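Report on the following structure.
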Amino acid sequence: MKVSVVVNGAGHVVDCHPSTLLVHLLREELQLTGTHVGCDTSSCGACTVILDGAAVKSCTVLAGQADGREIETVEGLGPDGRLGPLQRAFAEHFALQCGFCTSGFLMAATALLRENPEPSESEVRKALEGNLCRCTGYQHIVDAVLSDPTGSGQP
């Protein structure tokens, strides 16, 4: 089947099998390997992307379900291959170690901050609860999201 998607602002038409998952379309067909395959059961959140403005786990979405839709991946967060503000905040707040889970956290946090530029700590924790990290603990990640990486004026 043919799937037409806009990923990080660029249009793509991909021929894929009807059972292809969005995570595999992104990684294997479009070579966007920042979206990670972690658990294949939607438990870890490493595959989180933004689909039409909402954070979704791309291991639970068939590529055909994304036909005609807009997708954002971690590769689209920074201009011209540079780090975006939230990515810099993660680095500055030591919110990553091995980095495997980081792209999923970044995408979930990006969706939250677009919807609510000044979230409370509990709102950040709620938005990130579907993402797992085995290295950092979560406080540094929460601190990075609360650090006003989008310039909203929050302390």
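Bear in mind these aren't lab numbers, they're just calculated from the coordinates by the rules spelled out. Please read these numbers as outputs of a predicted model, since none were measured by experiment. Because the Cβ atoms are built from the backbone with ideal geometry, glycine has one as well, and the counts that use them run over all protein chains shown.
Of note:
- Tensor-based shape of region 79-146 (alpha-carbon gyration tensor, a/c under 1.5 rounded, otherwise prolate or oblate): oblate
- Cα-based equivalent ellipsoid of region 2-76: semi-axis lengths in Å, sorted from largest, via gyration tensor: 17, 13, 11
- Within the shell of other residues whose beta carbon sits under 14 angstrom from the beta carbon of D40, the net charge comes to +2, with Lys and Arg scored +1 and Asp and Glu -1.
- Only Lys, Arg (+1) and Asp, Glu (-1) charged, at Cβ; the chain dipole about Cα centre in debye: 220 debye
- Approximate shape of region 65-112 as ellipsoid semi-axes (Cα gyration tensor, √5λ), whole Å, largest first: 22, 13, 9
- Each Lys and Arg Cβ is given +1 and each Asp and Glu Cβ -1; about its Cα centre, region 79-146 then shows a dipole of about 200 debye.
- FRET efficiency estimate (nearest 0.05) - Cβ-Cβ, D80 to S43, R0 35 angstrom: 0.55
- Residues of region 39-62 falling in the label zone of N116, defined by backbone nitrogen less than 18 Å from a point 7 Å along Cα to beta-carbon, are 53-56.
- As a proxy for reagent exposure, ranking C59, C47 by other Cβ atoms within 10 Å from fewest up yields C59, C47.
- Spin-label model, R134 to S4: label points 7 Å out along the Cα-to-beta-carbon direction sit 4.2 nm apart.
- C98-V13 pseudo-label distance in nm [points 7 Å out on the Cα-to-Cβ vector]: 4.1 nm
- As a proxy for reagent exposure, T60, T110, T150 were ordered by neighbouring Cβ count within 10 angstrom, fewest first; the result is T60, T150, T110.
- In the chain, helices alone account for a calculated mean residue ellipticity at 222 nm of -7000 deg cm²/dmol, with every DSSP H run of four or more residues adding -39,500 (n - 2.57).
- Between V61 and L22, V23, the built amide H atoms are under 5 Å apart, and every one of these is 5 or more places off in sequence or on another chain.
- Computed over the chain: relative contact order in percent, which uses C-alpha pairs under 8 Å that are six or more apart: 24 percent
- Spherically averaged projected area of the chain from its Cα convex hull (nm²): 8.5 nm²
- Ranking of L22, L51 by count of other Cβ atoms within 10 Å, fewest first: L51, L22
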